[in-house]
Amino acid sequence: MDIADETADEPRKRGRPKVSSDEDKRTHIVEVARRVFVKYGYAGSTTAVVASEAGVSKQTLYKLFQSKEELFAAVVGAHRRLMLDLPRPAEDIPIAESLERIFMIDMDEDTDAERAGFLQLVFREAAQFPELIDILQREGILASRQHLADWLSDRRAEGRLSLDDPDSGARMLMDMIFGGMGPPEGRVQAWPDRALMLAHLHRCIAIFAAGVGAA
């Protein structure tokens, strides 16, 4: 699909379809912006660079995102799906297997590196731009935790697990899994063998599922 802007002074022919909707452009710009932020860092990235690499005008970018900070928040929101695959419909599979899919335990190494690379950017530049941590917390961690708590609450309502506090359960799971992965920077030191890390994460989910009496 061609995302580029239509020529501003070219009249639209009757019946001619739009090149792309604003939502298409927004999605495309956010994906390009993520790559730009990781490549140049937050400080070294500008909306002009993002617009150029996305093939849109600066006017189009500012129509969809009023500032670099707002664009970064959108990138964090999109990146959230690399952390937890939620929301998702109910599945007729064991709870432990659903949780493995939600946390994407077995994602390929390239995607895992992409997931870690963006977090490295945030923590690396947080001293200079403390608002990045606030955005990551608000648009990433807290939103992800709420989605997970809602998912656990729904499974409890179905009678598939016993959990008195889904919010606490969601926090517990995220602490176990993301803590078990090791820090975004220095993961090689934490887990020199990827197979050992994956075995540990599978074990964490199995213990949690057993603890809540998952059906």
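The values are calculated or read from the model by the stated rules, or taken from the named source; none is laboratory data. Since this is a predicted model, take the numbers as computed values, not measurements. Here Cβ is always computed from backbone atoms with ideal geometry, including for glycine, and neighbour counts include all displayed protein chains. SASA here: full protein model, heavy atoms, side chains in, ligands and nucleic acids out. Shrake-Rupley method; radii C 1.70, N 1.55, O 1.52, S 1.80 Å.
Residues that are surrounded by fewer than 20 Cβ atoms within 10 Å (Cβ to Cβ) and either in contact with a helix residue (DSSP H, G or I) (Cβ under 6 Å, 6 or more places away or on another chain) or closer than 23 Å to residue 115 by Cβ (or both) within the range 50-72 comprise 53, 58, 64, 68, 69, 70, listed in sequence order.
Just one of the listed residues (2, 85) is open to solvent by 40 Å² or more (accessible area, probe 1.4 Å) and at pLDDT 90 or above, namely 85.
In the range 196-215, the residues that are on the phi < 0 side of the Ramachandran plot reach residues that are open to solvent by 30 Å² or more (accessible area, probe 1.4 Å) and among the acidic types (Asp, Glu) with C-beta atoms within less than 6 angstrom, at least six apart or across chains, in these pairs: 205/100. Taking the range 158-215 as the range and being of a type in the set (S, T, N, Q) and assigned to a helix (DSSP H, G or I) as the test, the residues that pass are 168, 189. So residue 92 fits all but one of (1) surrounded by 16 or more Cβ atoms within 10 Å (Cβ to Cβ); (2) of a type in the set (Asp, Glu); (3) without any contact (Cβ under 8 Å) to a residue 12 or more places away in the chain; what number is the exception? Answer for residue 92: the failing condition is (1). For the range 172-179, the condition of being in contact with a Cys (Cβ under 7 Å, 6 or more places away or on another chain) and open to solvent by 20 Å² or more (accessible area, probe 1.4 Å) holds for at least one residue. Give me a count of the residues in the range 158-169 that are over 14 Å from residue 209 (Cβ atoms) and open to solvent by less than 90 Å² (accessible area, probe 1.4 Å). Total meeting the criteria: 5. Note on the range 109-144: residues that are out of contact with any Gly (no Cβ under 9 Å at 6 or more places or on another chain), within 28 Å of residue 166 (Cα to Cα) and acidic (Asp, Glu) total 2. Within the range 28-49, does at least one residue satisfy the condition of being in contact (Cβ under 8 Å) with a residue 40 or more places away in the chain, open to solvent by less than 60 Å² (accessible area, probe 1.4 Å), within 30 Å of residue 158 (Cα to Cα) and touching a helix residue (DSSP H, G or I) at 6+ places or on another chain (Cβ under 8 Å)? No, because not a single residue in the range 28-49 is in contact (Cβ under 8 Å) with a residue 40 or more places away in the chain, open to solvent by less than 60 Å² (accessible area, probe 1.4 Å), within 30 Å of residue 158 (Cα to Cα) and touching a helix residue (DSSP H, G or I) at 6+ places or on another chain (Cβ under 8 Å). None of 155, 115, 138 is open to solvent by 60 Å² or more (accessible area, probe 1.4 Å) and either assigned to a helix (DSSP H, G or I) or within 20 Å of residue 89 (Cα to Cα) (or both) except 138.
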